[in-house]
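One structure below.
Read the figures in this text as sums done on the coordinates, not as results from a lab. This one's a predicted model, so the numbers in the text were calculated from it and none came from an experiment. A quick note on method: Cβ atoms are made from the backbone with ideal geometry, for glycine too, and the neighbour counts reach across all protein chains shown.
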Amino acid sequence: MATQHSRSAARLMMAPAVILLLGWMLVPLTMTLIFSFKKYLPLRGGDLGWVGFENYARFVSSSAFWPAVSATLIIVGGVLVITLVFGVLLAILLDQPMWGQGIVRILVIAPFFVMPTVSALVWKNIFMDPVNGLFAHLWKFFGAEPLEWLSQASLQSIILIVSWQWLPFATLILLTAIQSLDSEQLEAAEMDGAPVLKRFWFIVLPHLSRAMTVVLLIQTIFLLGIFAEIFVTTQGAFGTRTLTYLIYQRVLESQNVGLGSAGGVYAIILANIVAIFLMRIVGKNLDA
Amino acid sequence: MKNALRAATALALVTGAAQADTITIATVNNGDMIRMQGLTEDFTAKTGHEVEWVTLEENVLRQRVTTDITTKGGQFDIMTIGMYETPIWGANGWLVPLDDLSAEYDVDDILPAMRGGLSHDGTLYAAPFYGESSMIMYRTDLFEAAGVEMPDSPTWEFIRDAAAKITDRDNEIYGICLRGKAGWGEGGAFITAMSNSFGARWFDEDWNAQFDTAAWNDTLTFFNDMMQESGPAGFSTNGFNENLSLFQQGKCGMWIDATVAASFVTNPNDSEVADKVGFALAPHKDGIEKNGNWLWAWALGIPAGTQNVDAAKQFIEWATSKDYIELVASKEGWANVPPGARTSLYENPNYMEVPFAKMTLDSILSADPNNPTVDPVPYVGVQFAAIPEFAGIATEVSQEFSAVYAGQQSVEEALEKAQAITTDAMEAAGY
Amino acid sequence: MARSVTNQRKALNTALAWAVGLLIFFPILWTILTSFKTEAQAIASPPIFLNFDWTLENYAVVQERSNYMRFLWNSVIIAGGSTLLGVIIAVPAAWSMAFVPSRRTKDILMWMLSTKMLPAVGVLYPIYLIFIRLGILDTRIGLVVVIMLINLPIIVWMLYTYFKEIPGEILEAARMDGATLKEEIIYVLTPMAVPGIASTILLNIILAWNEAFWTLNLTAAKAAPLTAFIASYSSPEGLFYAKLSAASTMAIAPILILGWFSQKQLVRGLTFGAVK
């Protein structure tokens, strides 16, 4: 349908975005690849020559590697499940007729505007501190021993903090989707005597599947790279060292850029595996 | 006439430019540095130079300045660095040597321990803003009530018994508060200094990791047992700041930490227990001469390559001078001056009236970075080893230790992992 | 509306929704309240909810220590600049993807999104070295470009999904009337896409405002935004809950207010093509 002319115009218009992103991807990626094959220790004079695959071998053989991969997947998976489940429930709730809907919506979306650093600091100190935190007071009020959140339930705590930040995003997208649901269809089902659960399962949920896919895709992209929440709270201790954090430790704390770069390449591979996996689901659901 | 005017204007511009530089200083958000920031006007009034402050939390600061110095980014004219970084960076030629400071500055007045730790091959590379060791701060009232008397140089066994006696969990009083937080500068620093007093060491003379020794097992077991008995809830995430808060709120019977904390816990504005604090030397193990105290200085260094070396040097001379100490004393009182850097401060009768002055000096003098352990070691540094790899290794090792404190693994498991981590990292670095 | 809603049910919904809303909002509310307490009251046991001596002292201390306005201004420039620049670059790209799709369009889109998965820490050294070479360390322009590049995939994707919903016949008609490509975009397409563009801009301002890795690592004194401001208040010595709360409130207030005022626009466009 499109003419040759509009095709070349289209290409021209796409060019700036594509070229910029290509540069943004290729330049650092190439440098990362080069560093990953080198012994590169900034505090020992920088570039100390090629070492082949030594960094790659060392990075995976480190006892920290597999726990880091699993911590990454647990955090990403945990947050996704929580935000999707509660997001759907919250979206349905907010879609009901009520007084002060606008204000409630404002309250619910607020956490999305909070900087990750700020939210991590506030949660860690003001809420989860085992002596002065609000939770500790609450636990003591009910006569329980205060929980040591960030050490005894470290992964759960991080998932809680991150979910709190992302729940508004999921809720908003799902709410917009639910509002576009044909209410006559629901009413017809109600008339036919279909119970609430059935209506939810066969009408609401299928209608939301596209929105859920979008939430899944976008959140995964952001969650794979979470850093501030871990840096501020546990600094990678107590099993919360994700792949991103492990790379940070190698590059900045150990000042081993070669080793960290090899880790970076692994992280890219992991991200791409996740991406292909996502694309399988998303591709079907999104006629992009 | 016109030309003369123009020449005069040009001259004024040139001299004006030479006089009024703007220097950028990266610093930590510790109380003494924030006070220094507040006094910047005095420096500007004296020299005409303006100062831009980049104040960051310690971990962020380290990451920021290390990236900048290794890549020669040139973002800062002065960096606040410690005893760990200074000799390494100095050896790499990344810092401007401070060998031509003015006569009034009196460089020989700097405490020898501090000067030594901030030098490489006898050249000073960063001037100490304040220096510290560690010591015991304890609640005199609680000790009295429990009928225990603190000796000047207690043993670890005594500390453990006393802590157990004082602990009163129902009233949220914990016998002892110590750093359990992961990080080489947090829990890592404490346990390393403590291990010295148990006869342990990080490396033998051939740079082999020593976590498989009985001395390390004793250290970690003793620390963990004592803290489980008498420490506060969640001590595995407590660092300096957390313990300071707890102590100021009257929740700790003892706290072994940086000597600079003494001025915070005795300051009645912040501390509920200001008039009930006693001081003692950090403990040692029965039969071992070494005490478990460290040596540290926060110092100001100039990255090589900065355009504003002269202005930066002027700032360093101002901020680490005797006059600066006088200035702070006149505004905030002697207890709040930056301690531990100059000999003359400890000869000042006004300062020696401050209750913790003598114990601070004694602690500093008893730490020996060149000879930190019972058995000989190839490294310099008491609570760290001044090699570039140490920060990374010690952070990971201390994370394993913190997992012990949180009850997630045993002492043996942690030491085994620590041994593997250290061996692997040293291999990667080419030892 | 045929479904009759009893007031009773409405009241139940209201109560439940408000309870959940307040629960979710509570951490922010508590932070704001704490910022008006003294340090001692901030850690008081049992916690004090409202009946404390309200004080502005923490804000005064924070303001005295840091030049809040400068951090704020840098945040505004970086978030606003990067978003605008991103939209300018993304509109033509999204247009061509939506209206002149080729077999590779979907791949290009997914590839763009995948660039967001590069772990930032891994490329800190390369980027830092490039910034030194270009002399743009600690400049707003450098950050504007980097943050723009980080968010560009999201911008392109959001715009693409809005453009796709615009019926092609309208464009055909405009073309029949002899509109050039430029006119078509400016006079026909853009007005129809305004809600979409508005919510794209809002979402990306939020994302840019909260970006804390690059903004912290590529700045020193001159271009540092509010993320760096916050980094000087985390865990200082002594009691700090009240001051931390004040600094936190100052860092999030502008974006929170913007978000609340524009939430209708934000919500309307936040569909990512998921609503049909």
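What range in chain A is the longest one free of chymotrypsin sites (Phe, Trp or Tyr not before Pro) that are in a loop by DSSP and have at most 12 other Cβ atoms within 10 angstrom?
Result, exposed sites excluded: A:143-288.
Which of the GluC sites (Glu not before Pro) found in region C:137-219 are in a DSSP loop and have at most 12 neighbouring Cβ atoms, other than their own, within 10 Å?
Here no GluC sites (Glu not before Pro) fit, given the DSSP loop and packing criteria.
Restricting to Cα pairs below 8 Å that are 6+ residues apart, what does the relative contact order work out to for chain A? Please round to a whole percent.
Once divided by the residue count of chain A, the mean separation gives 29 percent.
What distance in nm separates the two pseudo spin-label positions at A:Val196 and A:Val85, each 7 Å out from Cα along the beta-carbon direction?
For the pair A:Val196/A:Val85, the computed spacing is 1.8 nm.
Mind telling me which of A:Leu107, A:Leu89, A:Leu243 comes out most flexible in a GNM of chain A, alpha-carbon contacts under 10 Å?
A:Leu107
Which trypsin sites (Lys or Arg not before Pro) in region C:47-120 sit in a loop by DSSP (not H, G, I, E or B) and have at most 16 other Cβ atoms within 10 Å of their own Cβ?
Filter output for region C:47-120: C:Arg103, C:Arg104.
Which shape class, rounded, prolate or oblate, goes with region A:12-83 when its Cα gyration tensor gives a ≥ b ≥ c as root eigenvalues, a/c under 1.5 marks rounded, and past that a/b bigger than b/c marks prolate?
Oblate.
Give me Rg over Rh for region B:316-431, both radii from the alpha carbons and Rh done the Kirkwood way, two decimal places.
That ratio is 1.14, to two decimals.
Any idea what diffusion coefficient region C:86-162 gets from Stokes-Einstein, in µm²/s, Kirkwood Rh on alpha carbon pairs, 10 °C, 1.306 mPa s?
Rounded, D is 115 µm²/s.
I'd like the orientation of helix B:156-166 relative to chain B: the angle between its Cα long axis and the longest Cα principal axis, in ° from 0 to 90, rounded to 10.
Result, in degrees: 80.
Could you pull the Rg and Dmax for region C:7-59, using just the Cα atoms, both in Å?
Calculated on Cα positions, Rg and Dmax stand at 15.3, 46 Å.
Calculate, for C:Trp18 and C:Leu50, the FRET efficiency according to 1/(1 + (r/R0)^6) with r their C-beta to C-beta distance and R0 22 Å; round to the nearest 0.05.
It comes to 0.75.
Taking 25 °C and 0.890 mPa s as the conditions, I'd like the Stokes-Einstein D for region C:45-92 in µm²/s, using the Kirkwood hydrodynamic radius from alpha carbon pairs.
171
Tell me, what is the FRET efficiency for C:Lys106 and A:Glu184 to the nearest 0.05, using R0 = 35 angstrom and their Cβ-Cβ distance as r?
0.55
Over region C:7-59, what is the mean sequence separation of C-alpha contacts under 8 Å (at least six apart), divided by residue count, expressed as relative contact order in percent?
Over region C:7-59, the number comes to 30 percent.
Return the sequence-ordered ³J(HN,Hα) values of region B:222-228 in whole Hz as given by the Karplus equation 6.51 cos²θ - 1.76 cosθ + 1.60 applied to θ = phi - 60°, using x for Gly and Pro.
The phi angles translate into 4, 4, 5, 4, 4, 6, 5 Hz.
Restricting to Cα pairs below 8 Å that are 6+ residues apart, what does the relative contact order work out to for chain C? Please round to a whole percent.
With pairs under 8 Å counted, the relative contact order is 32 percent.
Determine the dipole magnitude for chain C: charges of +1 sit on the beta-carbon of Lys and Arg, -1 on that of Asp and Glu, nothing else is charged, the reference point is the Cα centre, and the result goes in debye to the nearest 20.
Charge dipole of chain C: 540 debye, to the nearest 20.
For region C:67-232, rounded, prolate or oblate, judged on the Cα gyration tensor with a ≥ b ≥ c (square roots of eigenvalues), a/c < 1.5 rounded, else prolate if a/b > b/c?
In terms of gyration-tensor shape, prolate.
What are the semi-axes of the equivalent ellipsoid for chain B, taken as the square roots of 5 times the Cα gyration tensor eigenvalues, largest first, in whole Å?
That gives 40, 26, 18 Å for the three semi-axes.
Is region C:198-270 best put as rounded, prolate or oblate by its Cα gyration tensor, with a ≥ b ≥ c the root eigenvalues, rounded for a/c under 1.5, and otherwise prolate when a/b is larger than b/c, oblate when not?
oblate
Using only the Cα atoms, work out Rg/Rh for region B:257-361, with Rh taken as the Kirkwood radius, to two decimals.
1.05
Could you tell me the center-to-center distance, by alpha carbons, between region C:55-132 and region C:199-257 in angstrom?
After rounding, the separation between the Cα centres reads 15 Å.
At a Förster radius of 22 Å, what calculated FRET efficiency corresponds to the Cβ-Cβ distance of C:Val194 and C:Thr139, to the nearest 0.05?
For C:Val194 and C:Thr139, the calculated efficiency is 0.10.
Give me a comma-separated list of calculated 3J(HN,Hα) values for region B:338-343, in order, Karplus coefficients 6.51, -1.76, 1.60 applied at θ = phi - 60°, integers in Hz, x for any Gly or Pro.
x, x, x, 10, 10, 4
Pick from B:Leu327, B:Leu281, B:Leu111: which residue has the top mean-square fluctuation in a GNM of chain B where Cα pairs under 10 Å get a spring?
Sorting by GNM fluctuation, first place goes to B:Leu327.
As a test of the formula, what do you get for chain A when each DSSP H run with n ≥ 4 contributes -39,500 (n - 2.57) and the sum is divided by the residue count, at 222 nm and rounded to the nearest 500 deg cm²/dmol?
-22500 deg cm²/dmol
Go through A:26-32, B:50-56, B:330-336 and give me the packing order, highest mean Cβ count within 10 Å leading.
With the highest mean Cβ count within 10 Å placed first, the list reads B:50-56, A:26-32, B:330-336.
Identify which of A:Thr171, A:Thr244, A:Thr117 has the largest mean-square fluctuation in a Gaussian network model of chain A, with springs joining Cα atoms closer than 10 Å.
Looking only at A:Thr171, A:Thr244, A:Thr117, the largest GNM fluctuation is found for A:Thr117.
For C:154-161, what's the mean count of beta carbons from other chains sitting within 10 Å of each residue's beta carbon?
2
Compare the Cα positions of C:Gly21, C:Thr38, C:Trp260 along the charge dipole of chain C (+1 at Cβ of Lys, Arg; -1 at Cβ of Asp, Glu; about the Cα centre) and return the one farthest towards the positive end.
Toward the positive end, the furthest listed residue is C:Gly21.
Give me the orientation-averaged projected area of the Cα convex hull of chain A, in nm², one decimal.
22.7
If the convex hull of the alpha-carbon atoms of the protein assembly as shown is projected onto planes in all directions, what is the mean projected area in square nanometres?
Over all viewing directions, the protein assembly as shown projects a mean Cα-hull area of 47.2 nm².
So which of B:Lys358/C:Lys243; B:Lys181/B:Lys276; A:Lys39/A:Lys124; A:Lys38/A:Lys124; B:Lys290/B:Lys417 end up more than 29 Å apart, counting from Cα to Cα?
B:Lys358/C:Lys243; A:Lys39/A:Lys124; A:Lys38/A:Lys124
Using helices alone, what [θ] at 222 nm do you get for chain B, with -39,500 (n - 2.57) per DSSP H run of 4 or more residues, divided over all residues and rounded to the nearest 500?
Helix-only estimate at 222 nm: -13000 deg cm²/dmol.
When the Karplus curve 6.51 cos²θ - 1.76 cosθ + 1.60 is applied with θ = phi - 60°, which whole-Hz ³J(HN,Hα) does each residue of region A:53-63 get, with x for Gly and Pro?
For region A:53-63, the Karplus-derived couplings read 8, 4, 4, 5, 5, 5, 5, 6, 7, 5, 5 Hz, x marking Gly and Pro.
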